[in-house]
Amino acid sequence: MCGIAGVWSKNGALEKDKFDSALKLMTHRGPDESHSIKSSSINLGTQRLKIIGIESGQQPVSDNEGNYLAFNGAIYNYPEIAKSLNSSSQSDTEVLFQLILKQGAKNAIETCRGMFAFAFYDEKENSFLLARDRMGQKPLYYYQDSTILLFASELKSLKKLMQLKDIAVEINENAIYHYLCFSNIPEPETIYKNVYSIPPAHFLKYQNGELHSSPYWEHQYLPKENISFADAKKKTQQTIEESVKIRLRADVSKGLFLSGGWDSSIIAYEASKHAQNLKAFTVEYPFKTTQNESQIAKETSNQFGLNHQIIKIDKSPLSLLEKSISTFDQPLADSSALPNLAIAESASQYVKVMLNGDGGDELFGGYRRYFTAKNIQKFTVTKYFKKLLPIGSRRSKLGFLNRISRIADSPSSERYLLYTTDMFQDADISTFWNRPQEIQKSSVDLLSKHFDSKLSDLDQLMHWDRNFNLLSGILVKMDRASMAHSIEARSPFLDHHLFEISNQFPDSFKVSGFNRKHILRSIYADKLPKAVTKAPKTSFEAPLRNWLQHDFKELMKDLLFNPQAKIYKYVNYTEIMLLMKGVKYQERNTDYMIYALLVLEMWLQEND
C-alpha cells in the first residue's frame, strides 16, 4: 500500500527536492519507504507501506529498457500470477510489473484481483499509463493539458504539484453544488477546477500532450442467470470464502472491523476458518445509542475464536471533526468518517491490515431503500397521503413512510437523492444559489448518465449507489480514514468476481418479501450467533444529532450563524437560517444538511 505521484512536463521535470516535498505530504499512506526518480521530463515517486514482500518490492520498480511502475494497492492473487510467470518474487508490485512487461498493461489487469491504482511509464514511448481498480477503492487524481500531466493519490499532493508548476488552483463551484445534494463530491469531479479522479475500471494514457481514456470492465446486470436458489447459495458462499481467504495474504499483523451486523460477522466467520488469533475491533460510544454493538460483537468474537477489542470513542468529536477536514482533502458530509478515524488510530497500534464489510449492502440488497425500490409500484398510493402524514423522525416507521410518499410522488430521475441523502435537490438550490455562473450539470444530469431503462427499479438503484454513494462516499471514507493511520483496509465483498455473480441473480435472490439480503441470510443464518441474526438492522452511523446538539453546538453558532461565513458566497444566508431554525425542510434529513454546511464552511476556511 502506498501513495504515488508523478509529473510529465514538456517544459522539464521538477527538481527532485521540490517533487519530494509534494510526495511526502502522503507519508501517512506509506511511512516505511520513500523513493522517487527524475529524468529530463518526468518525476515518479512512492511512499510505501510494507504489507507484502517486505524485504523486496521497493518502488518505483524499473528495468533496463526504460519501464517504470509506481503502484498503490494490493493484488491478492499475486502468488497464482507469479506461478504462471515462473516468477519467484514475493512482492505483488514486482509480479504486476513482470505481468505488464509480458502481456501489456491492458491484458495484465484482466488477471488481477485486488484494489489498486498505478502509473506505468514507458521511456521509449515517452508515455504514462494510469489505471484504477474496478470498484474504485484506491484513489488517483490528475491534472493535464497539452504540456503537462500531474497525478497523485491524494489531492493535497496534487495541489502542491500544481503550485510548484505555477498552475492556478481554483475552487470548483459545480462541485460545491453537487456536494449539497449528494453529501460528497461525485467522481470524477473534485473540489478543484480541471482536477479529476480517474474513473474506476479505466485506463488513462497520456502521450504527446493528449489524454485517452478507456474502460476495461463494467457492471453487467443483464441477462439474468438461469440458476436455482440452492446453486446460487453454494456459488456465493464459495466466492465469499475465497475472497476473504486471499485478503488474508499479508506479511504483517491482521485484524478486522466487527460490528453487530451481518456483513462484518460473515467476514469474521469466513476469516476464522483460515487465520488464527485475528484481532476484532468494535466501536463503543460513552453514552447510550443504537450504534453501541459491542456486546453482540463480543458474542461473535467468542464463537469464532477472535481476539476482541473494544475501541471506546472517548476522543472529542470536535477534534475528530477538525482532523477529518484535513484528512479527506475535500468536503465529505458523512459523520461516520469520524469514528472510522478513531478506529483506525486505535487499531494501528496492533495491526497493519484490517478487513471490513464494506459493499455487502450494495451487493446483496441490504439497505431499506432496496425493499422500497423493488416494491415501488405498490407504494404509489402513498403519494396521495404525502401532505397528511406527520413528518416523524428519520429512522422511525412514520419517517420512513413519509419519505416513501415523497419518493412515490417524484419522477424516477429525482428519486435517488430522496432514497439516499434526502438533503437538497436541484429545485431547492436553484432558489438560494448565490453564484452568478450557471451550474454546468444538475444532480439529475449526473444521475441520468448512469440510468438504464432496461434495468429493474432495484438494479437501477443499486447501480446508482455503486456509482455515487459507494464510490464517492463509502470508499473515500474508508481509504482516507485507514490510510491516515497507515492501515491497509481490505473489503472482501468488493471482489469483482462477487459483483459479476450477484449482478446476474434475479431481484428475488436479494430482496424477497420483507427480507433483505435474502441470499446472504439464507447462507449464514445458521452459522452466525443468534444475537446477530435476530438483531434489527443498524447502520454504522455516528450519533450525529447528539453531536449537533452538544459537541458541535458552539461551533455551529460561531460559523453558520455568521453572515460573513464563507459558505454564503455560494448559498443564501436567509434560506440557511430557515433550515437552522427548523422553519423549512423539516421533512428532510436536516441533521445531515446542517452537518454538510458545517463541514463545507470548515473546509473553505482552511482552503479558500
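The values are calculated or read from the model by the stated rules, or taken from the named source; none is laboratory data. Keep in mind that what you see is a predicted model, and the values were worked out from it rather than measured. Reconstructed Cβ throughout: ideal geometry from the backbone, glycine too, with neighbour counts over all protein chains shown.
Brief remarks follow.
- When each of Asn174, Asn194 is tested for being touching a residue at least 40 places away in the same chain (Cβ under 8 Å) and part of a helix (DSSP H, G or I), the lone residue that passes is Asn174.
- Residues of region 559-573 that are touching a residue at least 24 places away in the same chain (Cβ under 8 Å) and part of a helix (DSSP H, G or I): Leu559, Lys566, Ile567, Tyr568, Lys569.
- Inside region 194-212, residues that are on the phi < 0 side of the Ramachandran plot and surrounded by 13 or more Cβ atoms within 10 Å (Cβ to Cβ) make up a count of 13.
- Filtered by the rule that a residue be at negative phi and in a loop (DSSP other than H, G, I, E, B), region 350-371 gives Tyr350, Val351, Lys352, Asn356, Gly357, Asp358, Gly366, Tyr367.
- Condition check for Pro31: under 28 Å from the mean Cα position of the chain (by Cα) and surrounded by fewer than 17 Cβ atoms within 10 Å (Cβ to Cβ): yes
- Exactly one residue out of Ala531, Ala489, Ala542, Ala484 is within 30 Å of Leu321 (Cα to Cα), surrounded by fewer than 21 Cβ atoms within 10 Å (Cβ to Cβ) and in contact (Cβ under 8 Å) with a residue 12 or more places away in the chain: that is Ala484.
- Of the criteria (1) surrounded by 19 or more Cβ atoms within 10 Å (Cβ to Cβ); (2) over 23 Å from Ser336 (Cβ atoms); (3) under 28 Å from the mean Cα position of the chain (by Cα), which one Arg521 fails: (1)
- Hits in region 575-603 (condition: out of contact with any Leu (no Cβ under 9 Å at 6 or more places or on another chain) and without any contact (Cβ under 8 Å) to a residue 60 or more places away in the chain): Leu578, Lys581, Gly582, Val583
- Count of region 591-608 residues which are more than 23 Å from the chain's Cα centre (by Cα) and either crowded, with 22+ Cβ neighbours inside 10 Å or at pLDDT below 95 (or both): 1
- Looking across region 485-525, just one residue is in a strand (DSSP E or B), farther than 30 Å from Thr111 by Cβ and charged (D, E, K, R), and that is Arg516.
- Of the residues making up region 61-70, those that are on the phi > 0 side of the Ramachandran plot and assigned to a strand (DSSP E or B) number 0.
- Single match in Glu541, Glu554, Glu488 (criterion: at negative phi and at pLDDT below 95): Glu541
Listed here are the residues, each with its yes/no results for (1) over 25 Å from Gln220 (Cα atoms); (2) surrounded by 20 or more Cβ atoms within 10 Å (Cβ to Cβ).
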site	(1), (2)
Ser405	yes, yes
Ser412	no, no
Ala427	yes, no
Leu446	no, no
Phe451	no, no
Gln460	no, yes
Trp464	no, yes
Ile474	no, yes
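- Matching residues in region 365-379 - criterion: being hydrophobic (A, V, I, L, M, F, W, C) and surrounded by fewer than 24 Cβ atoms within 10 Å (Cβ to Cβ): Phe371, Ile376, Phe379
- Selection status of Gln237, out of contact with any strand residue (DSSP E or B) (no Cβ under 6 Å at 6 or more places or on another chain), assigned by TED's automatic domain parsing to the domain that holds Leu332 and modelled with pLDDT of 95 or more: yes
- Within region 242-274, the residues that satisfy the criterion of being surrounded by fewer than 17 Cβ atoms within 10 Å (Cβ to Cβ) and either in contact with an Asp or Glu (Cβ under 7 Å, 6 or more places away or on another chain) or within 20 Å of Gly305 (Cβ to Cβ) (or both) are Lys245, Ser253, Lys273, His274.
Residue by residue, here is whether (1) without any contact (Cβ under 8 Å) to a residue 12 or more places away in the chain; (2) crowded, with 24+ Cβ neighbours inside 10 Å; (3) part of a loop (DSSP other than H, G, I, E, B) holds:
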{"position": "Ser40", "(1), (2), (3)": "no, no, yes"}
{"position": "Asn72", "(1), (2), (3)": "no, yes, no"}
{"position": "Lys83", "(1), (2), (3)": "yes, no, no"}
{"position": "Ser87", "(1), (2), (3)": "yes, no, yes"}
{"position": "Leu101", "(1), (2), (3)": "no, no, no"}
{"position": "Phe118", "(1), (2), (3)": "no, yes, no"}
{"position": "Phe128", "(1), (2), (3)": "no, yes, no"}
